[in-house]
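FYI, it's all coordinate maths here, none of it is from the lab. Since the model is a prediction, treat every value here as computed from it, not as a measurement. Positions of Cβ are backbone-derived with ideal geometry, glycine not excepted, and every protein chain shown enters the neighbour counts.
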2 protein chains.
Amino acid sequence: MPAVTDGVGFDPTVPAARDRARAIPEAAVARLAVYLRVLSGMQEQGVGSVSSEELAAAAGVNSAKLRKDLSYIGSYGTRGVGYEVEVLIDQIERILGLTRRHSVAVVGIGNLGHALANYGGFPGRGFPVTALFDVDADLIGIPVGGLPVNHIDDIARVCTEREVSIGVIATPPAAAQAVCDRLVEGGVECILNFAPVVLQVPDTVEVRKVDLAVELQILSFHVARRADGAAPTPPQVNGVAPVLDRGMDGVVVS
Amino acid sequence: MPAVTDGVGFDPTVPAARDRARAIPEAAVARLAVYLRVLSGMQEQGVGSVSSEELAAAAGVNSAKLRKDLSYIGSYGTRGVGYEVEVLIDQIERILGLTRRHSVAVVGIGNLGHALANYGGFPGRGFPVTALFDVDADLIGIPVGGLPVNHIDDIARVCTEREVSIGVIATPPAAAQAVCDRLVEGGVECILNFAPVVLQVPDTVEVRKVDLAVELQILSFHVARRADGAAPTPPQVNGVAPVLDRGMDGVVVS
DNA sequence: GCGACTTTGTGCATGTGTTCACAAGCAGCT
DNA sequence: AGCTGCTTGTGAACACATGCACAAAGTCGC
């Protein structure tokens, strides 16, 4: 399975003819990222190979689902044996496009922005933060996490110069859309939005949103529902978390 | 349509018979929280009523989906007219259990923990942060966002005392599971986990996970896929964001 | 080299979520 | 009252995701 040709190339004749097979389900992509993290941990501990059963347990998913997910990227397992950790890591990184470095810009250096900027090149390398922006004149020029803060008026220019491919919006809601527009203008292809607003973007740009209030409210819903009639839950013991999977509705709830 | 009788009215004989009808799709719950935010904004601007079309546009979703989502909580619209903003807000709050206050505890007062603690009672009231914890002796007693930091050894006791219902884990991955266990011991029902680990919990506890690295990797995947063959995307103009919906795979991507 | 055992990869059935498209229902005008 | 126009609420079709269960395909021991 060379080149992920895909995309939306469709057949004009058939009504809703879906493109070729090569489409990896959005939900599977999210899980591949999780598998990658688990695998990296295993590799550090010197584990050379894993079975789908072991890996699934460690990632908190069903083993059949895991195998199906892996099958989307090719056949790298050995029947009767399992998967080689290193091979799997390489392949997942390839599919996720982690062989390339993706330069990240963080806009809005408040509490959250600080946290993001100091995240240290972002977990598990591959996502160097190369630009910071804010409106506050007192912050301009001050280095945060080793990088000086620029003014948001320079977003487009700086992002173009530094070839930023991912923009992170950590501004107050009111400023988010304007910031978003500048990022798009600066050639940013993907945006991770922490501001509680629905961004309007050209559809060449991908947006993912992380909304803490929404997360809390979803949890609140479950508390409420539980308080209701439901309750009969037997004294069940520990097991893998009954994780809510957002599917792709935003954050990855494992 | 009185009482949401619902659903999958099924046969009690069937093995894994699910509880009563009350099942609102997980994905719909996440969106209801979004609608609520949009509606609040409208109310502040003095808007008295909205049509499903308007609200859907503002929330970045399909209007049919919006109507179906709202139908899960009852019939509060008027045909030919639309919905009354206030009524809808009340009903969504009721369903999400926001009439009750949910006390929140934040564990791990690093960069992210600071940001969370200072979030100010958390967006749109209803989620007061009532306890902070960390291991670092230098932090104990220091007030962050007006609240003193306690030692993680006291998690269970303090959470029980203050009736914390939601625990937020913002610790390094290595500490997450231990912290989680203490929270559960302290009677916490729901956990929002920012640490990149799969938590094991009794299935009476609900876990949602927000993983920044995973979010970035998903975006990376889309960049990579795009760089491939796909490209033909016509010069399409602005429109509502082609938001990736995590469904419920975690974060709410709108 | 062969058989027994193990684990992958996947076809199929099930379940969940999304979208279409339209009947039902209400407001307002005549 | 009846008619017109608009918007809701939902049945039914579709698309997507999950999980079972098993054949295919490899390893290991003899």
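What's the average, rounded to a whole number, of partner chain beta-carbon atoms within 10 Å of each residue's beta-carbon in B:26-38?
Values: counts 9, 5, 1, 9, 13, 3, 4, 10, 9, 0, 3, 8, 3.
Counting other chains' Cβ atoms within 10 Å and averaging over B:26-38 gives 6.
Which trypsin sites (Lys or Arg not before Pro) from the stretch B:40-100 combine a DSSP loop assignment with at most 15 other Cβ atoms within 10 Å?
Values: sites: B:LYS65, B:ARG67, B:LYS68, B:ARG79, B:ARG94, B:ARG100; in loops: B:ARG79, B:ARG100.
Sites meeting the loop and neighbour criteria: B:ARG79, B:ARG100.
Roughly how many whole Å is it from the C-alpha centroid of the stretch A:33-50 to that of the stretch A:161-176?
For the stretch A:33-50 versus the stretch A:161-176, the Cα centre distance is 32 Å.
From the backbone phi of the stretch B:47-58, what are the Karplus-calculated ³J(HN,Hα) couplings (6.51 cos²θ - 1.76 cosθ + 1.60, θ = phi - 60°) in whole Hz, Gly and Pro given as x?
Couplings: 6, x, 8, 9, 9, 4, 5, 5, 4, 4, 4, 5 Hz.
Using a Förster distance of 41 angstrom, determine the FRET efficiency expected from the C-beta separation of B:ARG101 and A:ALA23, and round it to 0.05.
Values: r = 44 Å, r/R0 = 1.07.
With R0 = 41 Å, the Cβ-Cβ based efficiency is 0.40.
Just grab the label-to-label distance for A:ASN118 and B:GLU163, each label 7 Å out from Cα along the Cβ direction, in nm (one decimal).
3.5 nm
Can you bin the stretch B:54-145 into rounded, prolate or oblate? Criterion: square roots of the alpha carbon gyration tensor eigenvalues sorted a ≥ b ≥ c, rounded for a/c under 1.5, prolate for a/b above b/c, oblate for the rest.
On the way: a/c = 4.01, a/b = 2.89, b/c = 1.39.
It is prolate, given that a/c is not under 1.5 and a/b is the larger ratio.
Could you check the spin-label model distance between A:THR204 and B:TYR76? Points 7 Å from the Cα along Cα→Cβ, value in nm.
4.2 nm
Tell me, what HN-Hα J-couplings in whole Hz come from the Karplus equation 6.51 cos²θ - 1.76 cosθ + 1.60 at θ = phi - 60° for each residue of the stretch B:132-139, using x for Gly and Pro?
10, 9, 7, 8, 4, 4, 5, 8
Leaving out same-chain residues fewer than 8 places away, which lysines sit with a Cα under 24 Å from that of A:LYS65?
Straight-line reach from A:LYS65, under 24 Å: B:LYS209.
Please state the shape class of the stretch A:90-193: rounded when a/c is under 1.5, otherwise prolate if a/b exceeds b/c and oblate if not, all from the C-alpha gyration tensor. Walk me through the intermediate numbers first.
On the way: a/c = 1.89, a/b = 1.49, b/c = 1.27.
It comes out prolate by the Cα gyration axes.
Per-residue Cβ counts within 10 Å, from other chains only, averaged over A:95-106: what number is that? List each step's numbers first, then the result.
On the way: counts 5, 11, 11, 5, 2, 4, 1, 6, 0, 2, 0, 0.
Per residue, the number of nearby Cβ atoms from other chains is 4 on average.
Restricting the count to DSSP beta bridges whose residues both fall in the stretch A:86-188, what percent are antiparallel, rounded to a multiple of 5? Provide the component values of the computation, followed by the final result.
Values: 2 of 14 bridges.
So the antiparallel bridges amount to about 15 percent of the total.
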